[in-house]
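Structure first, then comments.
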Amino acid sequence: MKKLLSAVVLAMLVASPAFAKERRAISPQAAAAQAYAPTSPYNVDSYTVIVNGQIVGRDPDPNVRLMLMRDPRADAS
């Protein structure tokens with residue numbers, strides 16, 4: 001039992017560097033560029049529905065978003 005436990009511990013010690021995440025140094029300029037999200041004319045995400053450049057609604061349900069896109073009143077702008 002001691003040999004088995006010793007083998008497991010040794011295997012874990014040998015394999016642990018392989019699972020360690022590689023650390024990369026980035027420049028301060030790159031860190032500053034990553035700190036800000038790109039801007040867009042709309043505050044949109046995947047839930048926002050835009051038709052003809054106008055935001056017509058926002059919903060997490062894809063079926064409701066499809067209905068909003070197909071709504072004839074959304075095209076009447």
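Odds and ends about this structure:
- J(HN,Hα) series, segment 59-70, from Karplus relation 6.51 cos²θ - 1.76 cosθ + 1.60, nearest Hz, glycine and proline x: 7, x, 7, x, 5, 5, 4, 5, 5, 5, 5, 8
- Charge tally in the Cβ shell below 15 Å around residue 46, where Lys, Arg are +1 and Asp, Glu are -1, residue 46 excluded: -1
Readers should treat all values here as calculations from the given coordinates under stated rules, not as data from a laboratory. Note that the structure is predicted; figures quoted are calculated from it, not measured. With ideal geometry, Cβ positions are generated from the backbone for all residues, glycine too; neighbour counts draw on all protein chains shown.
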